[in-house]
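The values are calculated or read from the model by the stated rules, or taken from the named source; none is laboratory data. Keep in mind that this is a model prediction, so the values were computed, not measured. Note: ideal-geometry Cβ built from the backbone for every residue, glycine included; neighbour counts use all protein chains shown.
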There are 2 protein chains.
Amino acid sequence: MVRAAAERLHGKARRTPLLSSPFLDELAGRRVWVKAECLQHTGSFKFRGAWSAISALSKADRACGVIAFSSGNHAQGVALAAARHGIGAVIIMPSDAPVIKIANTRALGAEVVMYDRATEDRDAVAAKINETRNLTLIKPFDNRFVIAGQGTTGLEIAGQAREAGVTKAEVLVPCGGGGLTSGIALALEAEAPDMGVRPCEPEGFDDVTRSLATGQPQVNERTTGSICDAIITPTPGLLTLPIMQRLCGAGVVVSDDECLHAMALAFDRLRIVIEPGGAAALAAALFHGDQLTGTDTIVVVSGGNVDRPMFIKALTDFRGA
Amino acid sequence: MVRAAAERLHGKARRTPLLSSPFLDELAGRRVWVKAECLQHTGSFKFRGAWSAISALSKADRACGVIAFSSGNHAQGVALAAARHGIGAVIIMPSDAPVIKIANTRALGAEVVMYDRATEDRDAVAAKINETRNLTLIKPFDNRFVIAGQGTTGLEIAGQAREAGVTKAEVLVPCGGGGLTSGIALALEAEAPDMGVRPCEPEGFDDVTRSLATGQPQVNERTTGSICDAIITPTPGLLTLPIMQRLCGAGVVVSDDECLHAMALAFDRLRIVIEPGGAAALAAALFHGDQLTGTDTIVVVSGGNVDRPMFIKALTDFRGA
């Protein structure tokens, strides 16, 4: 399914570069390779899964349009993938979502419907909209075509690492619901069996790390309180957790400050813009090397949709290297 | 020579991505494609020319090492290319060069020699060093192998534009001495003859624009006074100007503020870090569309080595889109 998704995505998604810097290598104590999905369309890997899922629909279903819930990157990925298929997209967004993300999603052509997190049930909002429209729901990670689409990142990593002479490495992935992590793990199982995937999560939102450690799905105590908004999903996906249990190594937990510091170092040394959640794997490679093994680490930078004040904070508060 | 340089650079330089954003397209009023050389090794296209020149030396000459004058991007490009060839590099830097650029050049393995711009002649400094060492001087733009190396950017542009369905476009290039501009123009003459190159320069440092307009080499009145430090060369190169005269369209002149604004918009929409001089062509596309023609513009972002305070200024002072 990942390979089939790659065919559907060919010429549609960007083959993002695998970057590196001798300065980051020195800081990490090993070679660090950075898969820059912040350079993907809409600024995150989410475009891959959205395109994969929409392009896999039957012609009749696709013509009716799609619907998604998201306050951020999935919203923009679905909006652009739908627009480029020439179909409609309804995105249900919480009314407290960042203004810029709402504006961007609308500007990409989606019909944005707001709901109040405190007083309304988003499923009911969606059901009401869908009474007459037969929109297909595109879930952010618990959808096989979405997982396969995110997995195309892993196919590219395998090929690009091989070109760089790397066949054995730990691959660190920022992890929310696990769509990207499980997709990459599936791709690497086939294409680069000497690469092991490690999910990376923010402190206090380490449901996947704890689920892998205990063998049972764990739920985060809080639903807010990290700047890593893109990856603070409450609990692993039903489809993604079994894949991660079978294929992934232990999770790595990072602090918000480590993510900001990684963002600042990536500004200095890679000239890319990363959002806090998207920097979790880079933070793990740079600041938790004691939990890693081997001479090469590949990190996925999953997104770059960060507000200017947050980025300025990263550049102001954290030193260079 | 450009094609031969591309063979020597294969697997050594990055094939940087060609990025775009519907938001920037709307702002510019045409499609804008961004060749992100800020993602090249050492953060600018200069690595290409440096590698090309060093790899073209005879084995005996190369073994003696190289020498270069530069306060910035050329210094880092030569330092890394020399280090990766396993040879020594002496870089003569003015003592008022940014501390970070001096530190980076040293960290990349070069022997940095400082001189005082006010009281010392850099050629004399270099001659003294070279009395006993037989180092080869790598000029920043008036060197055929350097021009050919920078031209590999143009080969990639031709291929990537073709993949995107674009065969006719104006190609805007930030222009200092003209190495990158003339190299790209040569590559496109052969590979994409329907593409015309336009050099882009900062106000007050538009020597190439005026030289093209008058048919005679012009000199800038000032040597300092723009934040676009990477492209304020006093006059066009002896080798580069005839190439630009034969192949380039009229220059486009942009203000420092337009460069900062373009940097801020690239942060928002492309998630890349651009230095002021590296943003000159993007600024031309976004703010001087009245001087351009056609439905597609390709802009080269030539570098991303910007200090944090300058980048914060761009993000703080200029609005989004």
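In table form, for the structure just shown:
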read-out	value
Considering residues of the range B:1-49 that are polar (S, T, N, Q) and over 18 Å from the mean Cα position of the chain (by Cα) only, the residue farthest from B:Asp296 (Cα to Cα)	B:Ser21
Among (1) touching a helix residue (DSSP H, G or I) at 6+ places or on another chain (Cβ under 6 Å); (2) away from chain A (no Cβ under 14 Å) - the single one B:Leu292 does not satisfy	(1)
Residues of the range A:255-277 that turn out to be away from chain B (no Cβ under 14 Å) and touching a Phe, Trp or Tyr at 6+ places or on another chain (Cβ under 7 Å), as a count	1
Residue in the range B:75-90 that is buried (at least 23 other Cβ atoms within 10 Å of the Cβ), free of Cβ contacts under 8 Å to residues at least 60 places away in the same chain and closer than 29 Å to B:Val32 by Cβ present	yes
In the range B:152-170, residue surrounded by the most Cβ atoms within 10 Å (Cβ to Cβ) [restricted to those that are small (Gly, Ala, Ser) and under 13 Å from B:Arg31 (Cα atoms)]	B:Ala169
Residue among B:Asp96, B:Asp61, B:Asp25 that is charged (D, E, K, R) and within 14 Å of another protein chain (Cβ to nearest Cβ)	B:Asp25
Residue list for the range A:237-275, filter: in a loop (DSSP other than H, G, I, E, B), touching a strand residue (DSSP E or B) at 6+ places or on another chain (Cβ under 9 Å) and crowded, with 18+ Cβ neighbours inside 10 Å	A:Gly249, A:Gly251, A:Arg271, A:Val273, A:Ile274, A:Glu275
Residues of the range B:173-198 that turn out to be of a type outside the set (Gly, Ala, Ser) and not in a strand (DSSP E or B), as a count	10
Subset of the range B:139-172 (residues that are touching a Gly at 6+ places or on another chain (Cβ under 9 Å), closer than 12 Å to B:Val197 by Cβ and not in a helix (DSSP H, G or I))	B:Ala169, B:Glu170, B:Val171
Members of the range B:32-58 that are basic (Lys, Arg) and within 14 Å of another protein chain (Cβ to nearest Cβ)	B:Lys35, B:Lys46
Enumeration of residues in the range A:1-16 that are within 12 Å of another protein chain (Cβ to nearest Cβ) and free of Cβ contacts under 8 Å to residues at least 60 places away in the same chain	A:His10, A:Gly11, A:Arg14
Criterion (in contact with a Phe, Trp or Tyr (Cβ under 8 Å, 6 or more places away or on another chain), in contact (Cβ under 8 Å) with a residue 12 or more places away in the chain and on the phi > 0 side of the Ramachandran plot) met by exactly one of B:Gly178, B:Gly149	B:Gly178
Among residues of the range A:74-93, those that are within 14 Å of chain B (Cβ to nearest Cβ), touching a strand residue (DSSP E or B) at 6+ places or on another chain (Cβ under 8 Å) and not aliphatic (A, V, I, L, M), counted	2
Verdict on B:Ala63 being surrounded by fewer than 19 Cβ atoms within 10 Å (Cβ to Cβ) and not assigned by TED's automatic domain parsing to the domain that holds B:Gly179	yes
Unmet requirement for A:Arg271, which otherwise passes all of (1) basic (Lys, Arg); (2) at pLDDT below 95; (3) in contact with a helix residue (DSSP H, G or I) (Cβ under 8 Å, 6 or more places away or on another chain)	(2)
B:Ser52 vs. criteria closer than 30 Å to B:Leu286 by Cα and either not assigned by TED's automatic domain parsing to the domain that holds B:Gln160 or not aromatic (Phe, Trp, Tyr) (or both)	no
Some residue of the range B:199-207 being surrounded by fewer than 18 Cβ atoms within 10 Å (Cβ to Cβ) and assigned to a loop (DSSP other than H, G, I, E, B)	yes
Check on A:Ala280, more than 10 Å from chain B (Cβ to nearest Cβ) and either of a type in the set (Phe, Trp, Tyr) or out of contact with any Lys or Arg (no Cβ under 7 Å at 6 or more places or on another chain) (or both)	yes
Considering residues of the range A:152-162 that are within 14 Å of chain B (Cβ to nearest Cβ) and either in contact (Cβ under 8 Å) with a residue 60 or more places away in the chain or of a type in the set (Lys, Arg) (or both) only, the residue farthest from A:Lys35 (Cα to Cα)	A:Arg162
Tally of residues being within 14 Å of chain A (Cβ to nearest Cβ) and part of a helix (DSSP H, G or I) across the range B:106-135	2
B:Asp229 vs. criteria within 14 Å of another protein chain (Cβ to nearest Cβ) and acidic (Asp, Glu)	no
Selected residue (criterion: farthest from A:Ala169 (Cα to Cα)) from residues of the range A:299-321 that are among the hydrophobic types (A, V, I, L, M, F, W, C) and more than 8 Å from chain B (Cβ to nearest Cβ)	A:Met310
Residue check, B:Cys64 among the hydrophobic types (A, V, I, L, M, F, W, C), out of contact with any helix residue (DSSP H, G or I) (no Cβ under 9 Å at 6 or more places or on another chain) and touching a residue at least 40 places away in the same chain (Cβ under 8 Å)	yes
Failed criterion for A:Glu131 (all others in (1) within 14 Å of A:Ala50 (Cα to Cα); (2) modelled with pLDDT of 90 or more hold)	(1)
Counted residues, the range B:286-300 - those being more than 10 Å from B:Trp33 (Cα to Cα) and either surrounded by 23 or more Cβ atoms within 10 Å (Cβ to Cβ) or among the β-branched types (Val, Ile, Thr) (or both)	3
Selected residue (criterion: surrounded by the fewest Cβ atoms within 10 Å (Cβ to Cβ)) from residues of the range B:208-236 that are among the hydroxyl-bearing types (Ser, Thr, Tyr) and not in a loop (DSSP other than H, G, I, E, B)	B:Thr214
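For (1) touching a strand residue (DSSP E or B) at 6+ places or on another chain (Cβ under 9 Å); (2) modelled with pLDDT of 95 or more; (3) of a type outside the set (Asp, Glu), each residue gets a yes or a no:
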site	(1), (2), (3)
B:Ala28	yes, yes, yes
B:Cys38	yes, yes, yes
B:Ser52	no, yes, yes
B:Ser55	no, yes, yes
B:Gly65	yes, yes, yes
B:Gly72	yes, no, yes
